[in-house]
Structures are given as C-alpha cells and as structure tokens.
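The values are calculated or read from the model by the stated rules, or taken from the named source; none is laboratory data. Because the structure is a prediction, the values reported are computed rather than measured. Backbone-built Cβ (ideal geometry, glycine too); neighbour counts: all protein chains shown.
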Amino acid sequence: MRKRAASASVCSGLAILAGSLTFMGTAQAVTLLSEGFESAGNAFAAGTYNYAQNYTMPNLLTPAGGLKYMNGGAGVTGQVSTNTFSAGSFSLLSGGITAAQIDGGLVTYNLYSQFSTYRLQGDYATLYVQFLDAGNSPLGAPLSLGGAAFTSALGSGNNGSYADARDWGADSLAGIVPAGARSAGVTIREVKAAVGTAIDGYVDNVNISIIVPEPGVTGLFALGGGLLALARRRR
Ligand SMILES: [Ca+2]
Ligand SMILES: [Ca+2]
C-alpha cells in the first residue's frame, strides 16, 4: 500500500510537472526597442504629429496609438525627398541570451510597427532592422516593415477633415536570428513623393523583441525523466 501511495504521488508530481511545462513553455520575450512616440524625445529623434490634428483616420489598432505618432520631417517642395532616422543598434546579448543560443538558431525575433500616411500623396515610411555580426558588419539584407506597397494598400475614409484620410495598419515579421548576429541596427527611412513639402510616412508603436528559449524546460524534462525512473524502480 505504501509503495502504491508513493507511486501515485510521484505520478501526480509528474502531472504537475507536465502542467508546469505547458505553463512555462511560453518563451520569454526580451524587448530591444519599444517606441510609441508619446514622450518629448523618441528613439529616432523624429518629429511627431498629434492624432488630434486629424491628418489620418483614428488608429484603431492594438496597442492603441496614444496621442502622438512619428512623421518624416521636411522635404523639398516639388521633389522626391528622403529622410533617414536611426535609433542606433541594440545588443542581442540581452536578457540572458547567449552567443551560443543565437549561433545554435534558438533565438527568434518579432518585429512590429504601425504605419499610415497623409491622404493620397504617396509618402511612406519603411522600418529596417539590420542584423550585425561582432564586427558590426551586416549579416544578409535588412528586414523591413511597412514601405511603399504596404502603405499604398491602406484603406481610407472621411475623418471629418479629409474625405480621403488614411487608415492605420500594422505590419509584422518573425523569424530566426541569424547565426553570428550580435546586434541589430534599427532605422526608419521616410520617402516623400514629388507632391507637397512634408514627408508624411507615419509610424507608431515600433516594437522589436527577441525570444529567449525557456531555460527551465531542459532541466524540467531531466527532472521528469528522473522521477519516472524513480517511479519504475519503486514498482
Ligand atoms: Ca503613439
Ligand atoms: Ca507630404
């Protein structure tokens, strides 16, 4: 009877372990950059507009737009103009992530940003994330969110000020951080069509995070295996 009881408690222990594995199986995200453009300064040192200025349709996305969003600054009237805003580069060896985990293909990235534009002018913003090796050399082509095609596909509506005010849309990208990557450079490139003066690629809620493999899982599996062996031995 005692043996049976012990065996049952080991089994329930395993069930609890299995439960916690399911619960803890969610990997931990390390946020490298989260910019909502609400503060006086922002990571891109870019200018902002207030949603209340009514240049766009309301931002109905989650996370919500808050009070402000980024614009692309001044261009040259009558000419295509570009402006590039850098947020610098961010170390990937953050939140306990190791070079070995990156080089083993165990670390993934999640990129997210919201975009809009001014009416039908054709201005747009592109968010670029460039992985860099230990010597700060680019690894492959930069990843990008937003851009010309994404922005031109955004819907439009009447916001009370303009009959052709543009919607906000979210773009995202996920994948595996390339082996050898040690940091990521983040820039926003703003492009203005020939019409108008202001560069109106609008950006809000930039979020760049990397996902750390759950460090406890391997250990818990080992512990679970040990308990199983113990249960077998007791029987
Ligand atoms: Ca905002
Ligand atoms: Ca413009």
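Numbers below:
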{"item": "Tabulated pairs, the range 80-92, first closer than 16 Å to Glu35 by Cα, second crowded, with 19+ Cβ neighbours inside 10 Å and of a type in the set (Asp, Glu), C-beta under 9 angstrom, 6+ apart or interchain", "result": "Phe85/Glu190; Ala87/Glu35"}
{"item": "Residue match in the range 176-189 (condition: assigned to a strand (DSSP E or B), among the aliphatic types (A, V, I, L, M), in contact (Cβ under 8 Å) with a residue 24 or more places away in the chain and under 18 Å from Asn83 (Cβ atoms))", "result": "yes"}
{"item": "The listed residue being assigned by TED's automatic domain parsing to the domain that holds Asn159 and surrounded by 14 or more Cβ atoms within 10 Å (Cβ to Cβ), out of Leu60, Leu67, Leu106", "result": "Leu106"}
{"item": "Set Gly185, Gly219, Gly175: member being of a type outside the set (A, V, I, L, M, F, W, C) and modelled with pLDDT under 95", "result": "Gly219"}
{"item": "Residue within the range 1-17 that is surrounded by 14 or more Cβ atoms within 10 Å (Cβ to Cβ), assigned by TED's automatic domain parsing to the domain that holds Phe115, modelled with pLDDT under 95 and farther than 28 Å from Gly147 by Cβ present", "result": "no"}
